[in-house]
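Bear in mind these aren't lab numbers, they're just calculated from the coordinates by the rules spelled out. This structure is a prediction, so every number in the text was calculated from the model and none was measured. Here the Cβ is made from the backbone with ideal geometry for all residues, glycine too, and neighbour counts use every protein chain on show.
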Amino acid sequence: MKTQFYTATSLDGFLATEDDSIDWLFPLGDINDTGYPSFIAEVGALAMGSSTYEWMLRHAHTVAAETGSSWPYSQPTWVFSSRTLPSVAGATLHFARGSVQLAHAAMRAAAGDKNIWVVGGGDLAGQFYDAGLLDEIIVQVGSVTLGKGKPLFPRRLTSPPLQLASVRQMGTGFAELRYRVPKSPASRTPNVSIGDA
């Protein structure tokens, strides 16, 4: 069982544009031609920041057209936010405040022997890293640059560095990089509370 940050990023390290658009991502290829289908089959619980969750709400029709459902996840999902957010009919949602450590035990119990997926954003993944709870980072690097936007992982992570586990080409649009996160509490900044990731 692993806690994994699985995401797509532009070549210059941005998850989304400054206004939270990920329209750059869709022309790069079909999601079914990436590692996503095998990845999601091993996921038992999700962690999601409020910006990612609100993007899902705003783009429910687009998500439904791509996946067949406006809420495409059968797994229980923890939404981390300091604000009160609307729920989604039919989704198993838990709204969490405070440190990610407080919710992680419940997420582990819900996931069973499957993995926890930190969907995004980058700051939420960073909070799991700060708490020593992040095991793996899987990045689909797209063949575009954005210039500026929402950063992939807004943390300084230098010592110890991530350990590259595999590299894989996916079509002409993506390269998948898989990294193990070494456990070194000395390199972490203690996480006090969550923000709106």
Hits in the stretch 1-45: amide N under 13 Å from the 7 Å Cα→Cβ extension of residue 143, namely 11, 27-30
Name all residues of the stretch 39-63 having a backbone nitrogen under 17 Å from the label point set 7 Å from the Cα of residue 23 along its Cα→Cβ direction, giving them as ranges.
55-56, 58-63
How large is the helix-only mean residue ellipticity at 222 nm for the chain, computed as the sum of -39500 (n - 2.57) over DSSP H runs with n ≥ 4, divided by its residue count, in deg cm²/dmol to the nearest 500?
-6000 deg cm²/dmol
Gained length - residue 106 relative to residue 67, 0.36 nm times residue gap less alpha-carbon distance:
11.3 nm
Residue 16 long-range amide H proximity, modeled H, under 5 Å
150
What are the ³J(HN,Hα) couplings of the stretch 70-84, residue after residue, when phi is run through the Karplus curve with 6.51, -1.76, 1.60 and θ = phi - 60°? Round to Hz, x for glycine and proline.
5, 10, x, 10, 8, 6, x, 10, 9, 9, 9, 7, 8, 10, 8
Given a Förster distance of 22 Å, report the FRET efficiency between residue 113 and residue 180 from their Cβ-Cβ distance, rounded to the nearest 0.05.
0.70
Under 5 Å between amide H atoms, partner at least 5 residues away or on a different chain: which partners does residue 73 have, H built in plane at 1.01 Å?
none
Would you grab the residues whose amide H sits under 5 Å from the one on residue 88? Only those 5+ places off in sequence or on another chain, please, with H modelled 1.01 Å from N.
none
What are the lysines whose alpha-carbon lies under 24 Å from the alpha-carbon of residue 2, with same-chain residues fewer than 8 places away excluded?
114, 183
I want to verify a result. In a Gaussian network model of the chain, Cα cutoff 10 Å, which of these has the top mean-square fluctuation: 119, 167, 79?
167
dims of the chain, Cα set, principal axes, largest to smallest, nearest Å -> 41, 39, 33
Phi-derived 3J(HN,Hα) across the stretch 145-155 with the Karplus relation (6.51, -1.76, 1.60, θ = phi - 60°), rounded Hz, x for Gly and Pro, is 10, 10, x, 7, x, 8, x, 4, 8, x, 9
Karplus couplings for the stretch 29-35 from phi (6.51 cos²θ - 1.76 cosθ + 1.60, θ = phi - 60°), rounded to Hz, Gly and Pro as x?
x, 7, 4, 6, 8, 9, x
